[in-house]
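Reading through the C-alpha cells given below for one structure.
Each value in this text was obtained by applying a stated rule to the coordinates, not by laboratory testing. Here the structure is a predicted model, which means the values were calculated and not measured. Don't worry about glycine lacking a Cβ; one is built from the backbone with ideal geometry, like all the others, and counts go over all protein chains shown.
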Amino acid sequence: MMSFNPALFRQQFPALSDAGVYLDSAATTLKPQTVIDATQQFYSLSAGTVHRSQFSAARKLTERYENARAQVASLLNAHDAHQIVWTRGTTEAINLVAQSWLRPRLRAGDEIVVSEAEHHANLVPWLMLAQQTGARVVKLPLASDRLPDIDQLATLLNDKTRLLALGQMSNVTGGCPDLQRAITLAHAVDAKVMIDGAQGVVHYPPDVQALDIDFYAFSAHKLYGPMGIGALYGKSELLADMQPWQGGGKMLTEVNFEGFIPQPVPWRFEAGTPNVAGVIGLSAALEWLAQLDVQAAERWSCSLATLAEQQLSALPGFRSYRCGDSSLLAFDIQGIHHNDVVTLLAESGISLRAGQHCAQPLMAALGVGGTLRASFAPYNTLQDVEALTRAMHTAMTLLAD
Ligand code: PMP
C-alpha cells in the first residue's frame, strides 16, 4: 500500500486543473485518471454487452463485470459476491429494499423507524411505502450532539417495528451514529436494518458481517467512481426471499403468457441492459483505492475541515453544524442567507454547496432553512482552506455593507 502523499494524490485528478477550489466532494468525488481511462477504454475498445452473447469479447466482458461484484463484496467484507446487486445508486438500492423486501411484509399499523438525520433517499421510499400500506414512519430524533439519538431508539422499537433506516454518515453534519448499538437494538425486536452508506463508504467502508448489517447501499460516484452505478448489499437469506421489483430482459429463466420464473439472486433484480461502463469504472476505482492508505487520507481531509472551522470561526455570526472531526463542514453566518454567500464564493472560484442538502427534516431539527457545506477530500490542500477563508472574509465584507 502506498503511503498517503496529498500532492501526489492530487495529481491524479485532471478535473482539479479546471475546478478551482473544489469543496463539494460530499455531493460527488472527482474521478482519478485511472477511472476515466477504464471507462473510456470500455467504450473505445470493448465489443458487445454482458450476459447475452457467446462471442469471446462479450464473454470476457461478462467475466469482468461479474468479478467486480467480488471486489465490492471484499470492500464490505460480504462473504459472497452474489450478495451484491447492481443498482443505479443508493437511491435505487433503497427503493429496491422498500418495494421488494419490505412491501410484501408490511401491514397497516406496522412501523418503520427512520432517523431525523436522513437524506431524502432514506426517508421518501419509506414514506411512499407507508402511504401504500397504511404502515407508519416513526421519527428517531437527533440528540443534542446532532447524532440520531440511539438512547431514544430503544424506546421507539417494539414488536410492530419492521425496519430501522439509518445513515452511516450524515451528508450535512458528517455525524456517524453508533451502528453497532443501533443494529443490536433493532435486531432485539426482530426488525431489519437498512444502512445508507452513500456518504460513509468512502470514509469508512464497513464490515457488514461484523456489524451484522441486513442491507447496505452506496453509490460509486461518491467513491471516485462513475455516476449511475451503485450497489445493494443484502444478507443472502433476505435477498433470496425477495421477488423482483422491475421486470424485463435477463432477470428470468423462463417466461410465457402464464408467468415467469425469476433468475437466482442477484440477477433477478437487474432487469435490462446494465450499466457495464459504470461497473468497469467502479471496478477500476476499487482497484485504485486498494493502493491507498484510506485512513491517512481520511485524517488529512478531516484536518483540513478542522482548520477551516477554526479559521472561519473568527467571522462574526459563524455557526458550525459539524459533528466531531468529520471532513464535512456545514456552517452558516447568522443573519446572512446561505445563497448570497455561496454566490459570492462562486465568484471567487470556490465550489461548495448551499441549501438543504436533500435533508429537510434535518434542517428543521437544526432550526435553519439551509446551510453552506464545505466537504473536504484527500485531494484538497491547505491553500484551498486559505482560499475559502479569504473568500468568506471578502463575501462578509460585501454582504455586511
Ligand atoms: N444518502 C446520502 C447520505 C447521500 O449523501 C446521497 C447523495 N447525496 C444519497 C443518499 C443519494 O445518493 P444517489 O443520489 O447517488 O442515489
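Extents of the stretch 217-328, largest first, come to 70, 33, 24 Å (Cα atoms, principal axes, whole angstrom). Please report how far the C-alpha centroid of the stretch 130-161 lies from that of the stretch 248-325, rounded to the nearest whole angstrom. Each part reduced to its Cα centre gives a spacing of 25 Å.
Positive contributions from Lys and Arg (+1) and negative ones from Asp and Glu (-1), summed over other residues with Cβ under 11 Å from the Cβ of residue 211, come out at -3. Student exercise: in the chain, how many lysine pairs 8 or more apart or on different chains have Cα atoms under 21 Å apart? Lysine pairs, 8 or more places apart or on different chains, close enough: 6. Where the alpha-carbon atoms of the stretch 36-289 are placed on the principal axes, they occupy 58, 47, 27 Å, in descending order. For the stretch 23-38, backbone phi angles converted through the Karplus equation (6.51, -1.76, 1.60; θ = phi - 60°) give residue-by-residue couplings of 10, 10, 6, 6, 6, 6, 7, 6, 10, x, 3, 5, 6, 4, 4, 4 Hz, Gly and Pro being listed as x.
By the Kirkwood approach, averaging reciprocal distances over each pair of separate Cα atoms, the stretch 88-182 gets a hydrodynamic radius of 13.5 Å.
For the peptides 160-173, 359-372, 276-289, what is the packing order when you average, over each peptide's residues, the other Cβ atoms within 10 Å and list the highest mean first?
Top of the packing list down: 160-173, 276-289, 359-372.
For the stretch 209-282, taking the reciprocal of the average inverse distance between every pair of different Cα atoms yields a Kirkwood hydrodynamic radius of 13.9 Å. Sum up the charges of everything whose Cβ sits under 13 Å from the Cβ of residue 197, counting Lys and Arg as +1 and Asp and Glu as -1, but leave residue 197 out. Net charge in that neighbourhood comes out at -3.
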